[in-house]
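K.L.:
I'd like to ask some things about the structure below.
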Amino acid sequence: MIDTIGYACRLIARYWAIPALALLLLALLALWLTQARWSARMAPAIPFAMLALTFAAIALPALRAVGHFAASFQGAPATPVLTGLHPAAVFDVNLPAAGEQPALTVRLWRPANSAGALTRGACDVAFTQAPPDGLGDAPLVLYAPGWGGDRSENTRTAAMLASHGYIVVALDDSAPQIQFDFSSEAATAETTRRAGERLQLALRDALYALNRIQTCLGAHPAWRDKTDLNSVGFMGFSFGGAVAAEASLRDARIAAVANLDGGLYAQAAAQGARRPYLVLASDFDPPSARRLASPRRYEWQVLYDGVLNEAAHTRRLGGDIYLIRGAPHDAFLDSYGVGDQFKKWLLLPPARAEEIKHAVLLDFFETHLRGDTSVAAHARYAEVMTFSEMSSRLERIANAP
């Protein structure tokens, strides 16, 4: 969502102190080289003093900018940030077919007394061991991946939540693929309709998995008594965020939805997601004449219309929408920062992106699944832009031709 011009502007805004400091050093060098030409009556100390004061004023932000620049190359963190008290046990759970519902394999993380290797088997295997000592409750959170994604794409986020006492169940995106076509207004409308149909298949899998996990928990009282299955969280990335939002309108058990940079389809596109609803959005550029006149103009228009629609629903229903400055779409995945895409890192280092994601998600679920309202995690991060701070961008989108 960040084009070349927007990317350059953001780099200048983030690292302005580095070139400013370099220019100051060049100015000092020029003064030193030319001071022999000054008149004997002129005090060389005066311009040097003024430059020294300016140098001091820029040095601190320059050092911070250098730190950000260096941090951009550190790669993704090796361990989850904001780790809780409990080790996380992880299981691949096989769910049998039932009628038209095909068999599924989901990945389940839960708090444990000790961590272990990935275990595979039926659902009962995941809850054979008793809950860890000191665990008060164990809220359940579903995870839906992005388009074509799988249950492992946000492993560190799931493990982080499990360490804080959550049971996390992640699915694969196994619905049949469709062909995107944004070549015309009619083709765009048909693509949107077919994406909505595809969403229903992903939603079917998610709710089936929830039903099977609920049945499984019912056979293990030690875990069942710690999990309120009438108050379930649901988070999803990209297309998975749309699945999570739609689930809040289809199943009363879904009590809190976190959408990681996903749009809305089907019923949720018309009504908005059930509260409480959190949106973490990637950075985006307001519409430009160049984009709206390009061959991809229908695709861009869908993007802008989707941003406005989701913002309107979120504001109307009282949810929270936060834009993460410098974040590309994949900043909400474990894979962000892996490989040679250093251009993205310069705007938002992987470790920082993950810390923000984990802090805001944990705060959201602690508030709405456990009733702890003592923390406002987003306020700790300068990269987090609130809804009111986004208003000027949204206004530009609304007024675009």
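K.L.:
So for M160, M385, fewest C-beta neighbours within 10 Å to most, what's the order?
P.N.:
M385, M160
K.L.:
What is the Cα coordinate range of segment 103-175 on the first, second and third principal axes, sorted by size from largest, in whole angstrom?
P.N.:
Largest first, segment 103-175 extends 39, 23, 20 Å along its Cα principal axes.
K.L.:
Once you put a point 7 Å from the Cα of V125 and another 7 Å from the Cα of A186, both along the Cβ direction, what distance in nm separates them?
P.N.:
The two pseudo-label positions are separated by 5.2 nm.
K.L.:
Once you list every other residue whose beta carbon is under 11 Å from the beta carbon of Q271, what net charge do they have if Lys and Arg are +1 and Asp and Glu are -1? Present the calculation step by step, with values, prior to reporting the outcome.
P.N.:
On the way: positive: R274, R316; negative: E246.
Its environment carries a net charge of +1.
K.L.:
If we count every other residue with Cβ under 15 angstrom of P221's Cβ, Lys/Arg +1 and Asp/Glu -1, where does the sum land?
P.N.:
-2
K.L.:
Follow-up. Given axes a ≥ b ≥ c from the Cα gyration tensor, I'd like to know whether segment 88-398 is rounded (a/c under 1.5), prolate (a/b larger than b/c) or oblate.
P.N.:
prolate
Computed from the coordinates by the stated procedures, all read-outs in this text should not be read as laboratory data. All of these numbers come straight from a predicted model, not from anything done at the bench. For neighbour counting, all protein chains shown are included, and Cβ atoms are generated from backbone atoms with ideal geometry for every residue, glycine included.
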